[in-house]
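The values are calculated or read from the model by the stated rules, or taken from the named source; none is laboratory data. Just so you know, these numbers come straight off a predicted model, no measurement behind them. Please note: Cβ atoms are built from the backbone with ideal geometry, for glycine as well, and neighbour counts cover all protein chains shown. Heads up: the accessible areas ignore ligands, DNA and RNA and are worked out on the full protein's heavy atoms, side chains in. Shrake-Rupley method; radii C 1.70, N 1.55, O 1.52, S 1.80 Å.
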Amino acid sequence: MSDVSALSTNSKIQEINSHLRLLVLSNGHGEDSIAVRILQELQRQPHPPEIFALPLVGEGYAYRKLNIPVIGSVRTMPSGGFIYMDGWQFLRDLGGGLIQLTFNQIQTIRSWANSQQKFGKNHAILAVGDIIPLLFAWMSGTKYAFVGTAKSEYHVRDENGLLPRSSPLARLGHFSGSVYHPWERWLMSHRNCKAVFPRDSLTTNILQQWPIPAFDVGNPMMDGLEPIFPTARFYNSNSENSGLARPLMITVLPGSRPPEAYANWQKILMAVSALITVPQEQSVQAYTGGKLVFLGAIASSLHFASMHQILQSHGWHPYPDSPVTIPDADALTFKQKNAYFILTQKAYNYCLHMADMAIAMAGTATEQFVGLGKPAITIAGKGPQFNPKFAKTQSRLLGPSVILVEQPNEVPQVVRSLFANPDKLHVIAENGLRRMGKAGAARRIAECLIETMF
């Protein structure tokens, strides 16, 4: 073989070996969705990595939809990943094989990293979620990056300082100067950790006090929410008094995890019944023309027929004409008194963008709604996700954008108070945008990963 041929062959081998192989670890349905947004942007890069995934919770349907190979053992645990909200859920997961599953997953990650190392492949791990995928990434012995979705400094402070807490135990959440504990910061400052992407600017600024490669690029949860057509087209041109007033639009978000979401739906409908029963004050009447439109954003994981059957059991009747136009031919319209209820499983983005406020018992969906600068009224459920502990944690995270009530019949008073205080609505708008960030974070994370991992 000539020297030129040898050099050409070696160059091709180096090019193949330098091509990045990326293993993604995530621990929850929401984390899977965030990871997939980043991976889609990575696949659009000029030299995209070869991607593999290991969902630590659930079976990784989001990855399979993107045709990303899922390696190792996957299994849906009884808690659905919410063991930190309820000790009993953790015990149920132990009975469901959590320890063996965890052991198998660690072995899979190490085996994957060792095989890449053995064949001289450029490889890395992207951990999305909390300390569990971060710890597993460190245990691999290879370079890694971390997208921190679970923690924010807003859980314990705002721009003015630490939040008041009810007990000394609660104040331990920031005992070391950050919501991220020293052992978590050690994992993020390890030489193999090449990039950390916190969920907001406040958290990034705090982490940058230590030798942590933290990048302030925004929150991927706010990506992909733009509606297809401009918001002005949403309202029916034949709506009564369209030039003077439009209906008050309220999106209802019951969550996506059955059977919990069905119980949440019942509780939300009690709040809706209270709203249409209590007479509206003059400030609300002037704004809405006396009409209410509820937009039911129903997750694809829920049984659509069951949701509208429950709705009808609360006195709502099918109605042939919708007061608004949404891009879903299968949407159903119901009416009761002077109010309309539209159910859709295909127009989630529109339900977020077009509403004035939300009644919510959801995790990610509530954060996305708030991130659009709008208020969300939340009601604590029985869990395993949206229980009182989760609801209070979420209200600290999202600040004044969330109004947490104990009972559904308190919702009408909150709605009246929001209309009576436009200054508060202005604060809520600024707060939501600041805490959740602007769209485009997934692309910015992908670009940063390409720069730091190659």
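For segment 123-226, with all protein chains present and a 1.4 Å probe, just round the carbon and sulfur fraction of the accessible area to a whole percent.
Roughly 59 percent of what the probe reaches on segment 123-226 is carbon or sulfur.
Determine the distance separating the Cα centre of segment 405-454 from the Cα centre of segment 327-392; give it in Å without decimals.
Centre-to-centre distance over Cα atoms comes out at 14 Å.
Across bins of 10 angstrom width beginning at 0, how are the C-alpha pair distances of segment 291-445 distributed, in whole percent?
P(r) over segment 291-445, rounded to whole percents: 10, 35, 39, 15, 1.
Determine the principal axes of the Cα atoms in segment 144-185, then give the extent along each, sorted from largest to smallest and rounded to whole angstroms.
37, 21, 15
Measuring with a 1.4 Å probe in the full set of protein chains, what accessible area per residue, in whole Å², belongs to segment 291-382?
34 Å²
Taking a quarter of the surface of the convex hull around the Cα atoms of segment 256-375, what do you get in nm²?
7.3 nm²
Just by accessible area at a 1.4 angstrom probe, what is the order of His47, His123 from largest to smallest?
Highest to lowest solvent-accessible surface, that is His47, His123.
Taking amide hydrogens as modeled 1.01 Å from N in the peptide plane, which residues meet the under 5 Å criterion relative to Leu404, leaving out close sequence neighbours?
Here the answer is Thr378, since their amide H atoms fall under 5 Å of that of Leu404.
Quick check on packing: order 354-366, 264-276, 148-160 by the mean number of other C-beta atoms within 10 Å, highest mean leading.
Values: 354-366: 23.5, 264-276: 20.5, 148-160: 18.8.
Answer by packing, highest mean first, reads 354-366, 264-276, 148-160.
By per-residue mean of other Cβ atoms within 10 Å, what is the highest-first order of 433-444, 27-38?
Peptide ranking by packing, descending: 27-38, 433-444.
List, in order, the whole-Hz ³J(HN,Hα) value for each residue of segment 43-57 obtained from phi through the Karplus relation with A = 6.51, B = -1.76, C = 1.60 and θ = phi - 60°; use x for Gly and Pro.
Values, residue by residue: 5, 8, 6, x, 10, x, x, 8, 10, 10, 9, 9, x, 7, 10 Hz.
For Leu163, Leu207, what's the largest-to-smallest order of accessible area, 1.4 Å probe? Mind showing how you got there, number by number?
Values: Leu163 45, Leu207 0 Å².
The ranking, largest first, comes out as Leu163, Leu207.
Just add up the charged neighbours of Ala53: K/R +1, D/E -1, any other residue whose Cβ is under 10 Å from the Cβ of Ala53. Before the final figure, lay out each step's value.
Details: positive: Arg64; negative: Asp32.
Net charge in that neighbourhood comes out at 0.
Add +1 for every Lys or Arg and -1 for every Asp or Glu among the other residues with Cβ under 12 Å from the Cβ of Ser273, and state the total.
Summing Lys and Arg as +1 and Asp and Glu as -1 gives +2.
What percentage of the solvent-accessible surface of segment 298-422, computed with a 1.4 Å probe over protein heavy atoms, is contributed by carbon and sulfur atoms?
The nonpolar share, carbon plus sulfur, comes to 52 percent.
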